[in-house]
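Step one of this worksheet: look at the structure below.
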Amino acid sequence: MPLHSSNKEITLQGTAVSPGVAFGPVHVSARGMVAPEVYEIPHEHIEYEINRFEAAIEKTKTQLSQIQKKIEDISGDHEALIFEAHILILEDASIIKKVKTAIASRLQNAEYVYYAIIQTYCEAIRRMNDTYLAERATDIDDVAQRVIRNFNSADNEHKFEDPNPDHKHIIVAFDLTPSATATIDRQKSIGFITEQGSINSHTAILSRSLGIPAIVGIEAAVMTIKSLTFIILDGYTGRVILNPKPETITKYREIQRRKKEQENELDSIKESLTQTTDDRKITLSANIEFEHELTYVEKSGAEGIGLFRTEFYLLGGGEIPDESRQARVYSEVAKRTQPHQAIIRTLDAGGDKLPAEPLPEPEPNPFLGWRGIRVSLARQGMFKEQLRAILKASAHGKLGVMFPLISGLKELLLAKDILKECMDELNKSNTPFDPNIEIGMMIEVPSAALMAEELAKHVDFFSIGTNDLIQYTIAVDRVNKNVSNLYKPTNPAVIRLIDMTAQAAKNNGIWTGVCGEMASDLNLTPLLIGLGIDELSVGTHQLPRIKKAVRSLNYQECKELAQEAAKCRFSSQILQLSQEMAHRKYTLLID
Ligand code: PEP
Ligand code: MG
């Protein structure tokens, strides 16, 4: 039974992963199927909607019988049996009865009600974790898609006044893949809620960089929240309020108003330098995933791009763009970031992101598998295209190139050899590029942090990928909510590795940045500054807050704090030290 059916105010608690408040109707999105439009119907049109539903079922039955006949003629009875099974699904009396009853009780259009009921069935089947049944769910999806297509969409005469004409909505989904999150229509989708996911999943990171409030870990959300339910999504506390009372709406409007005031205050410091009160200069740059984010980078007051995650651009469209198309995008990034530097990270496929190519079978441990630089070194043609494209673009602005998931010196040297080959090729063809382009590597595997002294001799900078460094150091999957209580950025072992990295960089005269999510955590800014980090690279949305935080801190005090932290044996103690200073210096920004 959908939770909201009583229209009572109900609060659900999840994990806030992207700040902000959103108000609006819910749009529940299934795993396999594309959701049809949803709208309310007046009571007197129930029968009309039921007729539309019956007509769509009849039309689908005729189509399936025709296909079955055709297949019988071509391939024989056996193959045609699949369609026999599809017809049985279509005629399932209990589904038909449920849909008819639900059209009357929900007062929503028939195709949406049908979709929602099928979706509930499929979810229930998928959650049984049985491969055979999961395939049946796919069959059911398939039939249902056909039925939905067969609703007479040209018949608009009976469409009713839409209470939400701009179709702004909050998405509720089981999970959202990083690519689905990245392609979300920002004008319409004003928030999202998922059952799965954790604060450091790529979906959560993307929602923060897109500035869309989001909550993960709302159990059974897909099955219990009904489309069109009006909700408030509180991306600060992780609360979802269904059917809010007028006084609750007023309270949240006030929170929104106060936040807006804060944003305006932050706007005024955008152009100021990012430096502590005792003049320690920090480079504050932005993380991006797509070229279109350059507009936000320009508005945010960023001093460059510290991480361009190219995998979303390269793998998002189904086919990897060729060298010249890549060069065009990287050149645009270089030009629009001037006079600052933009660091292009080479493809980081695998893990919880898209694979570079379809794998013959799923990897047992994707995060420990064919990921990052390992893929690039194994697919040198593809790697060289990307490197040449980056080099060509370096003629148009200040670029850096960075390798992901380096686990030791050998990988780094191999990657650099390939980069050198690309430089030689461009020299031969008289193609201009910047021969002094900065070369850097991510420190996100503990073995790299432990070998930082050696590695530092071969690069111009380190960028610490704390998202992965934390998961690999503590052996805690960054997207698994069952172990998210162990995922602690202030774990003393993680802090030691960051410290070792920053020290090794200093000893070898190179700079160190942090581009993982830890850099965006206002509670941890004092600690990172104290550890001697030179650059922080964060989502554009968070950038002005971090600037304000750095400008409120004293480097000397932060250094003393880091020394204290080095003596701590528990994550909670280190967090407390840093948090206390953060609250003392810039309380207003955190709440
Ligand atoms: C990281 O691991 O911290 C990082 C920045 O890389 P990604 O999140 O893309 O894995
Ligand atoms: Mg990483």
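The values are calculated or read from the model by the stated rules, or taken from the named source; none is laboratory data. Just so we're clear, the structure is a prediction, and the values are computed from it rather than from any experiment. Glycine also receives a Cβ, built like all others from the backbone with ideal geometry; neighbour counts cover every protein chain displayed. These accessible areas exclude ligands, DNA and RNA; they are computed on the full protein's heavy atoms, side chains included. Shrake-Rupley method; radii C 1.70, N 1.55, O 1.52, S 1.80 Å.
Tell me which residues, restricted to segment 504-521, are open to solvent by 10 Å² or more (accessible area, probe 1.4 Å), in a helix (DSSP H, G or I) and away from ligand 1 (no atom under 15 Å from the Cβ). Selection gives Lys506, Asn507. Condition first: surrounded by fewer than 21 Cβ atoms within 10 Å (Cβ to Cβ) and either outside the structural domain of Glu303 (by TED's automatic domain parsing) or of a type outside the set (Gly, Ala, Ser) (or both). Now tell me which residues in segment 397-406 satisfy that. Once the filter is applied, which keeps residues that are surrounded by fewer than 21 Cβ atoms within 10 Å (Cβ to Cβ) and either outside the structural domain of Glu303 (by TED's automatic domain parsing) or of a type outside the set (Gly, Ala, Ser) (or both), segment 397-406 yields only Lys398. Could you check segment 392-408 and list, in sequence order, the residues that are within 12 Å of ligand 1 (Cβ to nearest atom) and more than 20 Å from Glu421 (Cβ to Cβ)? The answer is Leu405, and nothing else. A single member of Leu284, Leu242, Leu273 is at pLDDT 90 or above, open to solvent by less than 10 Å² (accessible area, probe 1.4 Å) and closer than 25 Å to Ile533 by Cβ, and it is Leu284. In segment 321-340 there is no residue that is within 16 Å of ligand 1 (Cβ to nearest atom) and modelled with pLDDT of 95 or more. Residues that are of a type outside the set (S, T, N, Q) and out of contact with any Asp or Glu (no Cβ under 8 Å at 6 or more places or on another chain) within segment 352-373 comprise Asp352, Pro355, Ala356, Glu357, Pro358, Leu359, Pro360, Glu361, Pro362, Glu363, Pro364, Leu368, listed in sequence order. Restricting attention to segment 314-366, the residues that are away from ligand 2 (no atom under 16 Å from the Cβ) and not in a loop (DSSP other than H, G, I, E, B) add up to 17. Just a yes or no: is a residue in segment 485-503 at pLDDT below 95, within 14 Å of ligand 2 (Cβ to nearest atom) and open to solvent by 40 Å² or more (accessible area, probe 1.4 Å)? Taking every residue of segment 485-503 in turn, none turns out to be at pLDDT below 95, within 14 Å of ligand 2 (Cβ to nearest atom) and open to solvent by 40 Å² or more (accessible area, probe 1.4 Å).
Pick out, from segment 407-481, the helices (runs of 4 or more DSSP H) lying fully within it that include 3 or more residues that are surrounded by fewer than 17 Cβ atoms within 10 Å (Cβ to Cβ) and assigned by TED's automatic domain parsing to the domain that holds Leu387.
Values: elements: 409-428, 446-450, 452-455, 466-474.
Of the helices (runs of 4 or more DSSP H) lying wholly inside segment 407-481, those with at least 3 residues that are surrounded by fewer than 17 Cβ atoms within 10 Å (Cβ to Cβ) and assigned by TED's automatic domain parsing to the domain that holds Leu387 span 409-428.
Within segment 538-591, the set of residues being open to solvent by 80 Å² or more (accessible area, probe 1.4 Å), among the hydrophobic types (A, V, I, L, M, F, W, C) and in a helix (DSSP H, G or I) comprises Leu588 only.
Filtered by the rule that a residue be surrounded by 16 or more Cβ atoms within 10 Å (Cβ to Cβ) and modelled with pLDDT under 75, segment 119-135 gives a lone residue, Arg126.
Table: residues versus (1) basic (Lys, Arg); (2) more than 25 Å from the chain's Cα centre (by Cα); (3) outside the structural domain of Val550 (by TED's automatic domain parsing); (4) not in a helix (DSSP H, G or I).
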{"site": "Ile218", "(1), (2), (3), (4)": "no, no, yes, yes"}
{"site": "Ile232", "(1), (2), (3), (4)": "no, no, yes, yes"}
{"site": "Tyr236", "(1), (2), (3), (4)": "no, no, yes, yes"}
{"site": "Pro244", "(1), (2), (3), (4)": "no, yes, yes, yes"}
{"site": "Glu247", "(1), (2), (3), (4)": "no, yes, yes, no"}
{"site": "Tyr252", "(1), (2), (3), (4)": "no, yes, yes, no"}
{"site": "Arg258", "(1), (2), (3), (4)": "yes, yes, yes, no"}
{"site": "Thr277", "(1), (2), (3), (4)": "no, yes, no, yes"}
{"site": "Leu284", "(1), (2), (3), (4)": "no, no, no, yes"}
